[in-house]
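Step one of this worksheet: look at the structure below.
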Amino acid sequence: MKVYYGPECLCHDPPHEILSGRLVPYLESPRRLELVKNTLSRSSSFVFLSPEQDWPHNLLSYVLAVHTEEYVDHLKTIYDDWVVDGVQVAVLPETFLHHRLRAPNSLDLSNLSPIARAGEEALSVHLRLHIAHQDHTFQAAIAAAQVVLTAARALADDHLAIPDRGTFALVRPPGHHAQDALCGGYCFLNNVAIAAKYLLQHRGCGSVAILDIDYHHGNGSRWMFRLPFCGYEPTRESAQQIFYEEPRVLYVSLHAADDYPYFTGSAGERGAGPGFGFNHNFPLAQKDATDDVYCGTLQQAADIIRQSGEIEYLIVSLGVDTYQEDPICGFLLTQRCYPRIGEIIASLGKPTLFVMEGGYHLETLGDNVASVLLGFEQAVV
């Protein structure tokens, strides 16, 4: 299997985050990627490749097919503005605008200091307030997009010769919580959405399936989150869905019920307009998510993709934070489950792009990722 990887993905490295009211070391660390890379490097089944260098001149155009220009500019500039205002660790909003604080004809928000503006913008660009921007955050996020686009291009180039092979984009920061103008859950740019848009718009693809097997619901990959409170009035763009009304993208997700991001991911979310029926959520109770229950549910998800018939490419949001000892998640999966996951995905017989998402138990992270990919590879031989 081809594995695409770029070292610039490592340069986003915030020192801490706020988790359940505690200041803790940032769990989505560069060490995660290094551990997965080291594990895969020990197997002859994986070939490491670098992202193609002909993307930079038009890379942003592919990103802007998913994210708004205003949001991308925010990601580019917020840290530098923050430093000018006297803080040099990471952009972590701490003071927030509430609608009751504002009176008619009150101060011009465009003249706020960057520290205050980070809080004012938090409700419109941050889904979770622990997410931290550093000096190299945008560099890492755009590098991840470059890696994913290279992997998608390679998959499209190769699929006629070897149609049911897989490709892996080993990237961070992850992406499936990022929406068109919203970051959260460690995510800044939505990597799988960028890949799907590329395949649809530039490779003549008629239909794509996104299978999200991260512990958390991938709200960004399917939804645009609406914030009808605190005086925030969403623009048309930020109230739209990336793919929620898009019939060319089938989105299927297995995730924890009643966990982050809490307000999305119900089984009743089926899509809207022309996209109705192209969204399928499988929320699982944490205490019930054993190996057999999870694989049985994954088989149901695979059957939906299989019955869709015309799917040309499969993109997998690969999170292994479903593991029973993951420090921030609550499923009961053992290491024996991950090869089975790969086998079920392989049974679909689709050109498959795996994109790294979550997984925070460092002792088993590399092995669990490798097990999914090897299970897939061995099933398609």
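Go through Asp73, Asp80 for me and flag whichever is under 21 Å from the mean Cα position of the chain (by Cα), farther than 30 Å from Lys350 by Cβ and at pLDDT below 95.
None of the others qualify; the one that does is Asp73.
Please work out which residue is surrounded by the fewest Cβ atoms within 10 Å (Cβ to Cβ), limiting yourself to region 242-259 and to residues that are free of Cβ contacts under 8 Å to residues at least 40 places away in the same chain and under 18 Å from Thr290 (Cβ atoms).
Looking at the filtered set, the residue picked out is Asp258.
For Val89, indicate whether it is at pLDDT below 75 and surrounded by fewer than 17 Cβ atoms within 10 Å (Cβ to Cβ).
Yes.
In this structure, is Val369 outside any helix (DSSP H, G or I) and under 23 Å from Ser41 (Cβ atoms)?
No; evaluated as a whole, the condition is false for this residue.
Take Glu363 and decide whether it is among the charged types (D, E, K, R), in a loop (DSSP other than H, G, I, E, B) and modelled with pLDDT of 95 or more.
For Glu363, the condition - among the charged types (D, E, K, R), in a loop (DSSP other than H, G, I, E, B) and modelled with pLDDT of 95 or more - is not met.
For region 273-294, enumerate the residues that are part of a loop (DSSP other than H, G, I, E, B), surrounded by fewer than 14 Cβ atoms within 10 Å (Cβ to Cβ) and on the phi < 0 side of the Ramachandran plot.
Passing the criteria: Phe276, Ala285.
Filter region 327-337 down to residues that are surrounded by fewer than 24 Cβ atoms within 10 Å (Cβ to Cβ) and without any contact (Cβ under 8 Å) to a residue 60 or more places away in the chain and give me whichever is farthest from the chain's Cα centre (by Cα).
For region 327-337, the residue satisfying everything is Arg336.
Which residue pairs have Cβ atoms closer than 7 Å, lie 6 or more positions apart in sequence or on different chains, and pair a first residue in region 18-29 that is farther than 22 Å from Glu363 by Cβ with a second residue that is in a strand (DSSP E or B) and at pLDDT 80 or above?
Qualifying pairs under 7 Å: Leu23/His16.
From the list Glu312, Glu343, which one is of a type in the set (D, E, K, R) and either over 19 Å from Thr167 (Cα atoms) or in contact with a Ser or Thr (Cβ under 6 Å, 6 or more places away or on another chain) (or both)?
Glu312
Taking Gln324, is it of a type outside the set (A, V, I, L, M), closer than 22 Å to Val380 by Cβ and free of Cβ contacts under 8 Å to residues at least 60 places away in the same chain?
So Gln324 fails the test.
Listed here are the residues, each with its yes/no results for (1) touching a Ser or Thr at 6+ places or on another chain (Cβ under 6 Å); (2) among the aromatic types (Phe, Trp, Tyr); (3) under 20 Å from Pro174 (Cα atoms).
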| site | (1), (2), (3) |
| --- | --- |
| Leu33 | no, no, yes |
| Leu40 | no, no, yes |
| Val47 | no, no, no |
| Pro51 | yes, no, yes |
| Asp54 | no, no, no |
| Leu59 | no, no, yes |
| Ala65 | no, no, yes |
| Glu70 | no, no, no |
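The values are calculated or read from the model by the stated rules, or taken from the named source; none is laboratory data. Owing to the predicted nature of the structure, the values given are computational and were not obtained by experimental measurement. Note that each Cβ is placed from the backbone with ideal geometry, even for glycine, and that neighbours are counted across all protein chains shown.
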